[in-house]
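Values quoted throughout were computed directly from the atomic coordinates according to the rules given, and no laboratory measurement underlies them. Owing to the predicted nature of the structure, the values given are computational and were not obtained by experimental measurement. Ideal geometry is used to build each Cβ from the backbone, glycine not excepted, and the neighbour counts take in all protein chains shown.
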Amino acid sequence: MNPNKALWEKGDFTRIAASMRESGEELVAKLGITRGLKVLDLGCGDGTTAIPAAKLGADVLGVDIASNLVAAGNKRASELGLTNVRFQEGDASNLLELADDSFDLVVSIFGAMFAPRPFEVAKEMVRVTRPGGRIVMGNWIPDDPTLIAQVLKTSAAYTAPPPEGFISPVTWGVEENVIERFEGAGVPKDKISFVRDTYFFNYPGSPSELLGVFRTYYGPTMNAFEAAEKNGRAADLQRELEALFNGQNQSSEPGATSIPATFLRVTVEV
């Protein structure tokens with residue numbers, strides 16, 4: 001199986017996504033969505049940004065490599081009575097089922113960054129965007145001190161080294177890399193802009209309980225704990241992540257969690 005597909009079909013990312021809904025809606029509100037806009041949400045999960053875009057009247061296609069997340073997205077859309085959004089399986093580095101110039105807006109929030117072959121990912125996003133359209137990416141930033149960058153960094157320290165030729169997903173959080181990849185797809189540097197933005201992970205339980213959700217359902221953390229258990233280091237990993245989650249919690253409500261995570265928001269004018 002494609003290792004990226006295996007990673008995101010492992011566990012149940014919908015449990016993590018549930019803590020990201022408010023930030024997804026806030027981000028979509030910034031994107032100038034209008035009724036009838038054709039939107040592709042790439043690496044969409046179960047619709048954290050696709051569904052808010054559809055609620056604003058866009059015609060949305062969500063594409064994700066994980067079949068369980070595609071099914072969850074279609075179920076959410078059906079339960080909400082939304083007929084202008086659908087979800088299907090696909091690979092961000094090879095969108096062979098999508099025609100050129102199909103979308104006014106391509107969105108990928110913490111999605112396409114995890115696909116292998118980043119130059120192919122950039123080319124595919126540009127190919128399916130119509131001239132005059134936009135691409136918006138949200139990418140975690142390497143060595144950023146906030147939650148997800150540190151979860152990924154800590155998890156990597158407990159797992160086996162990646163295979164030769166592996167390109168870390170967080171390289172998408174470096175502006176020079178983003179420019180190089182989109183320039184390789186024919187987009188000039190002056191059409192690419194960046195801002196730092198923040199997602200909040202809001203959870204109606206303690207930070208330690210939210211960590212439990214990550215340990216049980218988030219592919220990268222699951223892999224890290226499996227490797228750590230084999231090496232007798234699971235308690236060390238648990239302590240590191242407990243300190244991270246508890247130290248970054250900003251909720252003023254006892255027993256509740258609200259943890260910010262900084263990301264690089266990329267806008268590409270095609």
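Summary table
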| item | result |
| --- | --- |
| In region 1-26, residue surrounded by the fewest Cβ atoms within 10 Å (Cβ to Cβ) [restricted to those that are in contact with a helix residue (DSSP H, G or I) (Cβ under 6 Å, 6 or more places away or on another chain) and charged (D, E, K, R)] | 15 |
| Residue satisfying condition, being surrounded by fewer than 18 Cβ atoms within 10 Å (Cβ to Cβ), acidic (Asp, Glu) and touching a helix residue (DSSP H, G or I) at 6+ places or on another chain (Cβ under 6 Å), within set 100, 143 | 100 |
| Cβ pairs under 7 Å, 6+ apart, first in region 109-120 and under 13 Å from residue 95 (Cβ atoms), second among the β-branched types (Val, Ile, Thr) | 112/121; 115/121 |
| Filtered residues of region 1-40 (kept if part of a loop (DSSP other than H, G, I, E, B) and in contact with a Phe, Trp or Tyr (Cβ under 8 Å, 6 or more places away or on another chain)) | 11, 12, 13 |
| Among residues of region 227-259, those that are touching a Phe, Trp or Tyr at 6+ places or on another chain (Cβ under 7 Å) and either at positive phi or loosely packed, with under 14 Cβ neighbours inside 10 Å (or both), counted | 0 |
| Residues within region 152-203 that are hydroxyl-bearing (Ser, Thr, Tyr) and assigned to a strand (DSSP E or B), tallied | 4 |
| Candidates 58, 72, 29 - the one that is of a type in the set (A, V, I, L, M, F, W, C), buried (at least 22 other Cβ atoms within 10 Å of the Cβ) and touching a residue at least 12 places away in the same chain (Cβ under 8 Å) | 58 |
| Total residues in region 216-226, condition crowded, with 17+ Cβ neighbours inside 10 Å and more than 11 Å from residue 15 (Cβ to Cβ) | 7 |
| Residues of region 146-177 that turn out to be touching a helix residue (DSSP H, G or I) at 6+ places or on another chain (Cβ under 7 Å), polar (S, T, N, Q) and within 30 Å of residue 61 (Cβ to Cβ), as a count | 2 |
| Selected residue (criterion: nearest to the chain's Cα centre (by Cα)) from residues of region 237-270 that are of a type in the set (S, T, N, Q) and not in a helix (DSSP H, G or I) | 262 |
| Residue count, region 32-78 (criterion: touching a strand residue (DSSP E or B) at 6+ places or on another chain (Cβ under 6 Å) and aliphatic (A, V, I, L, M)) | 14 |
